[in-house]
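Okay, so here's the structure we're looking at.
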Amino acid sequence: MSVFPKSFLWGGAVAAHQTEGAYLADGKGLSIADMLPNGAIQPSVKAITGVYPYHEAIDFYHHYETDLELLAQMGFTVFRTSIAWSRIFPNGDDATPNEAGLAYYERVFAKALSLGMQPLVTLCHFDLPYNLVTQYGGWRNKKLIKLFETYAITVFSRYKDQVKLWITINEINMMFHLPFIGAGLEFEQESEQEKKQLIYQCAHNQLVGSALAVNACHKIIPDAKIGGMIMASAMYPFSCNPDDQLLVLEKEQEGYFFPDIQVRGVYPYYTQKLFKKAGVSIEILPEELDILKEGVIDFVAFSYYFSSAFTSNPEEVSVKDQLIGGVLNPYLKVSDWGWQIDPQGLRYVMNKVYERYQKPIFIVENGLGANDVLENDGSVNDPYRIDYLRQHIAQMALGVIDGVDILGYTTWGPIDLVSASTGELKKRYGFIYVDKNDQGEGDGKRYLKASFYWYKKVIASHGADLI
Ligand code: BGP
């Protein structure tokens with residue numbers, strides 16, 4: 001028997017730049033993602049291959065109809081994607097929006113709706129218009145707050161009848177780890193302390209921009225829900241040494257800093273300590289505090305991929321490639337990309353977030369990036385992915401039994417796409433294989449993996465049949 005509420009939404013999540021390609025089509029401007037060659041997370045890193053994976057991605061732009069049909073075949077009731085700001089305002093600061101860009105998303109949302117999938121739309125997912133970096137210095141500049149609001153108002157007004165579920169900014173806390181992707185910050189000779197100063201200023205500016213978008217959404221689409229989103233990982237003390245416990249408390253405060261403000265509308269009690277420790281002093285205008293107070297989110301969305309253990313003992317070995325650091329947890333296995341797999345951590349985080357905020361949660365990303373093999377007969381056998389998702393969904397069900405109020409679940413990358421942290425196509429998450437590699441080769445043809453049929457069964461049983 002299913003434990004999930006009737007209204008629970010099942011689906012998958014992608015982002016505009018990681019799927020669409022067509023990077024200059026129909027008046028689109030360059031985004032920061034378009035400046036990243038394969039394997040780079042900052043534009044200054046020179047490409048080994050010279051391939052810019054986001055320029056073509058999986059060409060969803062020209063295949064959205066058939067791709068959405070495949071997703072709908074699995075029974076999706078929700079489809080998460082983002083709007084590329086640079087399709088709507090090619091330079092981010094244009095006086096008028098680009099009609100061709102607006103019309104494109106109208107077609108995408110109409111198609112999704114016609115297939116029974118509710119669009120869940122992120123306003124900005126790691127793809128700021130590049131002009132906002134070169135002309136303004138990214139989110140450090142307060143002018144971006146207004147520009148973001150204008151963009152948000154434009155898309156809310158246009159899609160008010162189509163889109164009732166929104167997220168303001170993807171993984172807003174990611175700017176601490178990936179400042180270019182997360183906030184459009186390019187560094188030159190800055191010291192570590194100066195970098196932190198800039199990142200915290202961006203954090204504040206994005207929070208104000210996000211709150212303005214929330215306010216606008218509530219006014220323009222009163223029957224919509226709009227959430228904030230973080231990258232959530234379960235954080236454990238490596239030992240029962242109280243130093244480790246206090247270290248985790250600190251890490252959690254850094255991680256939950258954003259939703260603490262987005263849910264409560266005020267800076268949390270530990271702010272001064274946090275700023276002092278980081279050695280930063282940022283510009284916060286009095287009227288911005290009012291905006292934060294008003295722009296409170298309706299739900300807390302998060303991605304969950306791994307857990308991390310933290311130790312105060314510098315001798316412990318740290319985990320390579322895990323985005324937020326931490327040490328090897330002897331109880332867990334790691335993925336091909338070094339991320340520590342921890343299904344129970346998902347249940348833990350669900351409880352943690354709900355306990356902290358008492359607002360509905362939405363798990364908007366979860367999945368396994370792996371090396372898949374396309375066989376000669378067109379099949380892809382991915383039992384490791386089924387296993388990963390099965391265990392995570394089982395833990396999510398336990399979280400529901402624990403009493404957590406949850407709106408839905410979207411796996412990350414239901415169709416193969418470009419990886420955000422490595423720019424690779426070979427780090428595949430999909431139920432649908434796309435014939436494209438890191439050298440830009442392949443005919444782009446789609447193939448259904450074994451996990452496709454499995455997830456279809458899961459959805460048909462409303463999460464009861466995980467076998
Ligand atoms: C999140 C992002 C996604 C995404 C995913 C998987 O951080 O919101 O854009 O790509 O993680 O990460 P990766 O692509 O680096 O494997």
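The values are calculated or read from the model by the stated rules, or taken from the named source; none is laboratory data. Owing to the predicted nature of the structure, the values given are computational and were not obtained by experimental measurement. When we count neighbours, we look across all protein chains shown, and the Cβ atoms used for this are built from the backbone with ideal geometry, even at glycine. Just the protein is used for accessible areas: all its heavy atoms, side chains included, with ligands, DNA and RNA removed. Shrake-Rupley method; radii C 1.70, N 1.55, O 1.52, S 1.80 Å.
Figure legend. Inter-residue proximity from the stretch 437-449: first residues without any contact (Cβ under 8 Å) to a residue 40 or more places away in the chain and among the acidic types (Asp, Glu), second residues part of a loop (DSSP other than H, G, I, E, B) and surrounded by 13 or more Cβ atoms within 10 Å (Cβ to Cβ), beta-carbon distance below 6 Å, spacing 6+ or different chains. Indicated pairs: 443/435.
The set of residues in the stretch 426-443 that are surrounded by 15 or more Cβ atoms within 10 Å (Cβ to Cβ) and assigned to a loop (DSSP other than H, G, I, E, B) comprises 426, 427, 429, 430, 431, 435, 436, 438, 440.
Looking at the stretch 385-403 only, could you name the residues that are farther than 18 Å from residue 307 by Cα and either surrounded by fewer than 16 Cβ atoms within 10 Å (Cβ to Cβ) or in contact with a Pro (Cβ under 9 Å, 6 or more places away or on another chain) (or both)? Result: 400, 401, 402, 403. So in the stretch 444-463, with the set limited to residues that are open to solvent by 20 Å² or more (accessible area, probe 1.4 Å) and in a loop (DSSP other than H, G, I, E, B), which one is nearest to the ligand (Cβ to nearest atom)? My answer is 445. Tell me whether the stretch 1-9 contains one or more residues that are surrounded by fewer than 19 Cβ atoms within 10 Å (Cβ to Cβ), modelled with pLDDT under 95 and over 20 Å from residue 119 (Cβ atoms). Yes, the stretch 1-9 contains a residue that is surrounded by fewer than 19 Cβ atoms within 10 Å (Cβ to Cβ), modelled with pLDDT under 95 and over 20 Å from residue 119 (Cβ atoms). The helices (runs of 4 or more DSSP H) falling completely within the stretch 39-112 that include 2 or more residues that are open to solvent by less than 10 Å² (accessible area, probe 1.4 Å) and hydrophobic (A, V, I, L, M, F, W, C) map to 60-73, 85-88.
Against the definition (in contact with an Asp or Glu (Cβ under 8 Å, 6 or more places away or on another chain), hydrophobic (A, V, I, L, M, F, W, C) and in contact (Cβ under 8 Å) with a residue 24 or more places away in the chain), how does residue 306 come out, yes or no?
For residue 306, the condition - in contact with an Asp or Glu (Cβ under 8 Å, 6 or more places away or on another chain), hydrophobic (A, V, I, L, M, F, W, C) and in contact (Cβ under 8 Å) with a residue 24 or more places away in the chain - is met.
Taking every residue in the stretch 363-376 that is under 30 Å from residue 8 (Cβ atoms) and pairing it with any residue that is within 14 Å of the ligand (Cβ to nearest atom) and open to solvent by 50 Å² or more (accessible area, probe 1.4 Å), at least 6 positions away or on another chain, the pairs with Cβ-Cβ distances below 6 Å are 370/336. I'm trying to understand the selection: among the residues of the stretch 343-364, which are open to solvent by 10 Å² or more (accessible area, probe 1.4 Å) and either assigned to a helix (DSSP H, G or I) or within 16 Å of the ligand (Cβ to nearest atom) (or both)? Residues satisfying the conditions are 343, 344, 347, 348, 351, 352, 354, 355, 356, 357.
The residue of the stretch 52-93 that is nearest to the chain's Cα centre (by Cα), among those that are over 12 Å from residue 116 (Cα atoms) and of a type in the set (D, E, K, R), is 80. Screening the stretch 409-425 for residues that are hydroxyl-bearing (Ser, Thr, Tyr) and open to solvent by 10 Å² or more (accessible area, probe 1.4 Å) and picking the one that is nearest to the ligand (Cβ to nearest atom) gives 421. Scanning the stretch 219-244 for residues that are surrounded by 18 or more Cβ atoms within 10 Å (Cβ to Cβ) and within 23 Å of residue 157 (Cβ to Cβ) returns 221, 225, 226, 227, 228, 229. Being within 25 Å of the chain's Cα centre (by Cα), within 16 Å of the ligand (Cβ to nearest atom), free of Cβ contacts under 8 Å to residues at least 60 places away in the same chain and open to solvent by 10 Å² or more (accessible area, probe 1.4 Å) is a description that applies to residue 338.
Counting the residues of the stretch 311-327 that are buried (at least 17 other Cβ atoms within 10 Å of the Cβ) and either within 15 Å of the ligand (Cβ to nearest atom) or free of Cβ contacts under 8 Å to residues at least 60 places away in the same chain (or both) gives 4.
From the list 413, 399, the one residue that fits, being of a type in the set (Gly, Ala, Ser) and at positive phi, is 413.
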